[in-house]
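Accompanying notes for the structure given below.
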Amino acid sequence: MNPLEWDDEQKLEAIGEGQDREFKSARGGFPGSFWETYSAMANSDGGTIFLGIREEDEFGVVEADGLTEKQIDEYRKILWDSVNNRGKVSRNLLTTSRVQVVDLEDAKVLAVHVPRATRNERPVYLGPTPFGNTYRRAHEGDYHCTDAEVRRMLADADPVPVDQRILEGFTLDDL
């Protein structure tokens, strides 16, 4: 499903949260946990964060709380200010076309499609350092990356990976 071409006939319960979808109520303000999910999706396979949809885990009930026009404007401002603040998040992967208002069940929802970061862009992390601030997505959850996982991402981000480097002074005899 392309999250930016939402079909109003689909039921939220049938869609549910998963590897590539996260629902956040946002009724009481811009959710602080948004950024962990942003990092996790960017470092995994990408996905969409829906602000204005609530999921009650105990019964699996999914409900569109909806956002007011004022909240949508305020959350867009917070989103763009924060995603462009290197003290908050290491990389902005968003474009304006990836942030859309969706009319759903008589409610307005803000959909933020987070693309998968390229090898050279990873890790996408929060705060000043990737260690302890990098997340990955597994099923419905956002999990801290281990230091080893972060080091692997940093090594993979090198423009010339180690296995492609020519070592000076070595010959076939060294093999």
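The values are calculated or read from the model by the stated rules, or taken from the named source; none is laboratory data. No experiment lies behind these values; they were computed from the predicted model shown. With ideal geometry, Cβ positions are generated from the backbone for all residues, glycine too; neighbour counts draw on all protein chains shown. Protein only, heavy atoms only, side chains kept; ligands, DNA and RNA dropped before computing areas. Shrake-Rupley method; radii C 1.70, N 1.55, O 1.52, S 1.80 Å.
The condition (being out of contact with any helix residue (DSSP H, G or I) (no Cβ under 7 Å at 6 or more places or on another chain) and at pLDDT 90 or above) is satisfied by just one residue among GLU69, GLU5, GLU22, GLU56: GLU69. Residues being among the hydrophobic types (A, V, I, L, M, F, W, C) and either more than 18 Å from the chain's Cα centre (by Cα) or open to solvent by 70 Å² or more (accessible area, probe 1.4 Å) (or both) are entirely absent from the range 44-58.
The condition of being touching a Pro at 6+ places or on another chain (Cβ under 6 Å) and among the aliphatic types (A, V, I, L, M) holds for only one of LEU104, LEU93, LEU79, LEU67, that being LEU93.
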